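So the structure is just underneath, and the comments pick up after that.
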């Protein structure tokens, strides 16, 4: 009897552990989806990955940075600005604004510098090169961002969707099986004890 109870208790602990791990994995996937896809898309921002050490120690390689569109007039000294190396090309750099200059014709330009660099960037950054300013950053998630938003996105996103649906199905099936087990343990309801059809007292 004790052995059976111990086995049932062990099975229950294992079941709880599996459910806990599944719930944790689900929460992790949901959190990554929010940070990498949902929040940036809702705000019109762009998730990018830091690939070099020019912005260490605050933004080391592998850091996820989310860049939000910012008007030129809203860029201030100390902001981390993401700009195209050449206007119209996809390659970008994210460096800190250390000086704002105005030309004789009234145009604004920015002097930028990597936090870990000893010298400012050689060329001025023009308004048409600016993609936006740093909104928030998350260490190490840049590598995940490269997978989710890179060439592998065509199969990663459907795979995550299938995994989430599989987890939901597993949780529902597990819940139904647990309900059936509990009902089976209770057994059929006992019949009420009544008299045998006479007016005499119950025996």
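The values are calculated or read from the model by the stated rules, or taken from the named source; none is laboratory data. The shown structure was predicted, so the numbers you read here are calculated from the model rather than taken from an experiment. Here the Cβ is made from the backbone with ideal geometry for all residues, glycine too, and neighbour counts use every protein chain on show.
For residue 94, are the conditions met, namely being in contact with a strand residue (DSSP E or B) (Cβ under 7 Å, 6 or more places away or on another chain), at pLDDT below 95 and either in a strand (DSSP E or B) or closer than 19 Å to residue 64 by Cα (or both)?
no
Looking at 116, 121 in this structure, which one is in a loop (DSSP other than H, G, I, E, B), at pLDDT 95 or above and either in contact with a strand residue (DSSP E or B) (Cβ under 7 Å, 6 or more places away or on another chain) or closer than 19 Å to residue 31 by Cβ (or both)?
121
Every residue in the stretch 58-72 that is farther than 22 Å from residue 38 by Cβ and in contact (Cβ under 8 Å) with a residue 12 or more places away in the chain, please.
Of everything in the stretch 58-72, those that are farther than 22 Å from residue 38 by Cβ and in contact (Cβ under 8 Å) with a residue 12 or more places away in the chain turn out to be 58, 59, 60, 61, 72.
Just to be sure, is residue 159 outside the structural domain of residue 92 (by TED's automatic domain parsing), assigned to a helix (DSSP H, G or I) and at pLDDT below 65?
yes
Looking at the stretch 98-108, can you tell me whether even one residue there is closer than 24 Å to residue 35 by Cβ and either assigned to a loop (DSSP other than H, G, I, E, B) or not assigned by TED's automatic domain parsing to the domain that holds residue 31 (or both)?
Scanning the stretch 98-108 turns up no residue that is closer than 24 Å to residue 35 by Cβ and either assigned to a loop (DSSP other than H, G, I, E, B) or not assigned by TED's automatic domain parsing to the domain that holds residue 31 (or both).
Quick check: is even one residue across the stretch 38-56 under 29 Å from residue 102 (Cβ atoms), surrounded by 11 or more Cβ atoms within 10 Å (Cβ to Cβ), over 17 Å from the mean Cα position of the chain (by Cα) and at pLDDT 70 or above?
Among the residues of the stretch 38-56, at least one is under 29 Å from residue 102 (Cβ atoms), surrounded by 11 or more Cβ atoms within 10 Å (Cβ to Cβ), over 17 Å from the mean Cα position of the chain (by Cα) and at pLDDT 70 or above, which makes the answer yes.
I need the full set of residues from the stretch 52-91 which are at positive phi and in contact with a strand residue (DSSP E or B) (Cβ under 8 Å, 6 or more places away or on another chain), in order please.
62, 78
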